[in-house]
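One structure is given below, encoded as structure tokens.
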Amino acid sequence: MASASSAAIFGTAAASDGCSRRVFATTNVQVRASRTSPAFLRTSRAIKTYASCSNSSVVNAALITEASAKVIDGKATAKEIRGEIAAEISKMKESSGVVPGLAVILVGERKDSATYVRNKKKACESVGIKSYEVHLAEDCSEQEVLKHISVFNDDPTVNGILVQLPLPSHMNEQNILNAVCIEKDVDGFSPLNIGRLAMRDREPLFVPFTPKGCIELLHRYGVPIKGKRAVVIGRSNIVGMPATLLLQREDATVTVVHSRTKNPEAITREADIVITAVGQPNMVRGSWIKPGAVVIDVGINPVEDTSCSRGYQLVGDVCYEEASKIASAITPVPGGVGPMTIAMLLSNTLTAAKRAYNLE
């Protein structure tokens, strides 16, 4: 792989590595709680790009020993965080009567999007956040969506607003997302929030869920970041770019690997911390990983597996079988970053409510 071009390595996902926003969970599997889920509909593409880890000739056989990496358990960590959020909301309600509220606008009949909304609603209920939902027809007008956003913007009981993506092709996504009041932009994607994240001595109102969850996992597992070399694979506005900014805020020295990067394997091998989010199954092989590095795998990709009842399995961007034998710690897929994403959504909603009522 070291001699292959970056564009070939990244494949069709290179132009849009927003898999964190575009991939989703089935009802019986906890994965990255994204805003959208077309990756499940792109299974055939994933199958074409999938190469068996166990048959890879990329990794030096001498490196394949017994697995030694600590598993970074996002599911357990997210459960702990949800418990902390629930306790804080309970105290808030008792002391001030405030109950945080999160609104979701869903357009169309996509099953994956509907599943995400149900899971989000269940998560909100589990911690005491009130959930609001508007479900609009596929052929509704953009103006109708904007009208509901305006209503939620003006509603003091709603502290966070999500517009479920993808939107129908006849709608302008940016116009709709930009209509969300910045104080309720719990996604953290507004230009002002991202701009503040990029600037020293400035604080964004919200940090995007998935990269925030990545950094939280590093913190909770005691992984040093200050002064370390980090590589972020993927430069999307949703994961790669904000993850880079967050690592810089933690005083890491960060390199971004993307579809035009030459020799990405050698660059990645220099990293003490690797965060990857490109939507390519098993792209990052064991030979890419520096011995003892910490690996955070944001990718989630369905690949054909006839031994599974559902006909596919979920794998990350990192070949877990190989990397777990070389890294010091690694997130599994599923059960790593995915559960953390929805925990950070709940955290951002709580933050919005505290800010709205001057309870910080």
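FYI, it's all coordinate maths here, none of it is from the lab. Here the structure is a predicted model, which is why all the values come from computation and not from measurement.
Things worth noting here:
- Using the Karplus relation 6.51 cos²θ - 1.76 cosθ + 1.60 with θ = phi - 60°, the per-residue 3J(HN,Hα) values for region 156-168 come to x, 7, 9, 9, x, 10, 10, 9, 5, 10, x, 8, x Hz, with x marking Gly and Pro.
- Global size of region 76-208 as Cα Rg and Dmax, reported in angstrom: 15.8, 46
- Binned Cα-Cα distance frequencies in region 275-320 - 10 Å width, integer %: 29, 45, 22, 4
- All-pairs Cα distance distribution in region 263-360, expressed in whole percent, bin size 5 Å: 3, 13, 18, 18, 14, 11, 9, 7, 5, 3, 0
- Taking amide H as placed 1.01 Å from N in the peptide plane, the amide H of V315 sits under 5 Å from that of N301, V303, each at least 5 places away or on another chain.
- Computed with the Debye formula from one identical point scatterer per Cα of region 189-315, without solvent, the log10 of I(q)/I(0) at q = 0.23 Å⁻¹ comes to -1.38.
- The Cα center of region 120-153 and the Cα center of region 198-239 differ in position by 28 Å.
- Close amide-amide hydrogen proximity is noted between L162 and A103, V104, I105, each under 5 Å apart and 5 or more residues distant or on a separate chain (H modeled in the peptide plane; Pro and chain starts excluded).
- Stokes-Einstein D in µm²/s, Kirkwood radius over Cα pairs - region 132-249 at 4 °C with 1.567 mPa s viscosity: 81
- Distant-in-sequence amide H partners of V278 (H built 1.01 Å from N, under 5 Å): G299
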